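Q: Structure in structure tokens, see below.
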């Protein structure tokens with residue numbers, strides 16, 4: 001009498017098991033592809049890093065040209081002096097504005 005229920009449960013279990021195996025196979029394939037892509041990306045990034053390192057080494061070798069370096073440092077010092085003057089001026093202007101707004105009544 002209950003044979004149909006047992007056979008139905010066995011068939012349902014078999015279908016569910018097959019579906020689970022199919023899902024497992026799909027997820028394993030996706031993981032394998034992601035691993036291959038990640039490995040490819042790491043190798044590409046390492047190549048970029050090596051290229052950047054070589055470029056940096058070349059720039060360091062050319063940095064020995066002290067004339068250009070001294071000129072750049074002189075321009076940098078002038079720019080930093082201008083920046084200091086501008087910062088001081090902004091600070092003074094902010095002080096004046098703060099003093100002026102201190103006298104303004106607030107709601």
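Q: Can you run the Rg to Rh ratio on the stretch 1-63? Use alpha carbon positions and the Kirkwood inverse-distance Rh. Present the calculation step by step, with values, prior to reporting the outcome.
A: On the way: Rg = 27.0 Å, Rh = 16.4 Å.
Ratio value, two decimals: 1.65.
Q: To continue, here is another question. Springs between alpha-carbon atoms under 10 Å, Gaussian network over the chain: tell me which of 95, 48, 58 tops the mean-square fluctuations.
A: Of 95, 48, 58, the Gaussian network model singles out 95 as fluctuating most.
Q: Also: When only alpha-carbon atoms count, how far does the chain stretch along each of its three principal axes, as whole angstroms with the largest first?
A: Its Cα atoms span 98, 64, 7 Å along the three principal axes.
Q: OK, next. Return the single residue from 86, 69, 49 with maximal mean-square fluctuation; model: Gaussian network over the chain, springs between Cα atoms under 10 Å.
A: Highest fluctuation among the options: 86.
Q: With axes computed from alpha carbons, what is the tilt in degrees of helix 3-62 against the longest principal axis of the chain, rounded to the nearest 10 within 0 to 90?
A: Helix 3-62 sits at roughly 30 degrees to that axis.
Q: Connecting C-alpha atoms closer than 10 Å in a GNM of the chain, tell me which of 46, 23, 12 has the biggest fluctuation.
A: 12
Q: Another one. When the helices in the chain are scored as -39500 (n - 2.57) per DSSP H run of 4 or longer and the sum is shared across all residues, what 222 nm value do you end up with, to the nearest 500 deg cm²/dmol? Spell out each step's value before the answer.
A: Numbers: 2 runs with 97 residues, N = 107.
Mean residue ellipticity, 222 nm, calculated: -34000 deg cm²/dmol.
Q: Relative to the longest principal axis of the C-alpha atoms of the chain, give the angle of the C-alpha long axis of helix 66-102, reported between 0 and 90° and rounded to the nearest 10°.
A: The helix 66-102 is inclined about 90 degrees to the chain.
None of the figures in this text is laboratory data; all of them are computed from the coordinates on show. As the structure is a prediction and not an experimental result, all values here were calculated from the model.
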